[in-house]
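Notes follow the structure.
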Amino acid sequence: MLIRKTEKRDLPALLAIYNHEVEHGVATLDLHPRTMAQWEEWYESHATDTHFILTAEINGVPAGYASLSEYRTKEAYASTVELSIYVGEAYRRMGVASALMEAILKIAKEHPKIHSVVSVITSGNEASARIHEKFGFRFCGTLHEVGYKMGAFRNIDNYELPV
């Protein structure tokens, strides 16, 4: 497995991974698949010093990705980033998420402008909760029934890791 900086050529595969979760899961509370134009805009927003995307590649195929994104738009939050990790269905339980988490946190911990990494996880996503706890994230609380997807109200769990 190769973990590397995401390139524009990865976007179709990464979009397919994300949109699969939009349509079939609750790891994201997006309700509508993203278009390639929206995904390219998302990609461009991660071409900053503190916001970026890593791709996990297996046998030349993007298997998943991790991103550090803007946490909030207010300037005071600039040193906090929001972590997201998505793994293609065919590559789950193969260590892809752990490899991505290790790589992205190494960069975050060494970055002088990043002070805190946060994650927002849809409640019930035990695999995501476990990997965050494995890497030292602390559970900060649940917001109840803040999203509605797939016929049910969804809670979100907040995690933080000071780096």
**OP:** Looking at (1) in a helix (DSSP H, G or I); (2) open to solvent by less than 20 Å² (accessible area, probe 1.4 Å), find the lone condition where Ser119 falls short.
**Re:** (1)
**OP:** Only one of these is among the small types (Gly, Ala, Ser), closer than 26 Å to Val146 by Cβ and in contact with a Phe, Trp or Tyr (Cβ under 8 Å, 6 or more places away or on another chain): Ser45, Ser119, Ser69. Name it.
**Re:** Ser119
**OP:** Filter the range 1-60 for residues that are among the acidic types (Asp, Glu) and open to solvent by 80 Å² or more (accessible area, probe 1.4 Å) and give the result.
**Re:** Glu23, Glu41, Glu44, Asp49
Original post:
Has the range 133-153 got any residue that is touching a strand residue (DSSP E or B) at 6+ places or on another chain (Cβ under 8 Å), within 21 Å of Pro33 (Cα to Cα), in a strand (DSSP E or B) and open to solvent by less than 30 Å² (accessible area, probe 1.4 Å)?
Top reply: yes
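Take residues that are within 13 Å of the chain's Cα centre (by Cα) and within 25 Å of Pro162 (Cβ to Cβ) and tell me which of the strands (runs of 3 or more DSSP E) falling wholly in the range 1-94 contain 3 or more.
The qualifying strands (runs of 3 or more DSSP E) are 52-58, 61-70, 80-87.
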Subject >> Check on Ser45, in contact with a strand residue (DSSP E or B) (Cβ under 6 Å, 6 or more places away or on another chain) and of a type in the set (Ser, Thr, Tyr) >> reply: no
**OP:** Kindly indicate whether Glu89 is open to solvent by 90 Å² or more (accessible area, probe 1.4 Å), of a type in the set (Asp, Glu), touching a helix residue (DSSP H, G or I) at 6+ places or on another chain (Cβ under 7 Å) and within 25 Å of Trp42 (Cα to Cα).
**Re:** yes
Original post:
Within the range 122-132, which residues are open to solvent by 50 Å² or more (accessible area, probe 1.4 Å) and assigned to a strand (DSSP E or B)?
Top reply: none
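The values are calculated or read from the model by the stated rules, or taken from the named source; none is laboratory data. No experiment lies behind these values; they were computed from the predicted model shown. Glycine also receives a Cβ, built like all others from the backbone with ideal geometry; neighbour counts cover every protein chain displayed. In case anyone asks, the SASA skips ligands and DNA or RNA and just uses the protein heavy atoms, side chains included. Shrake-Rupley method; radii C 1.70, N 1.55, O 1.52, S 1.80 Å.
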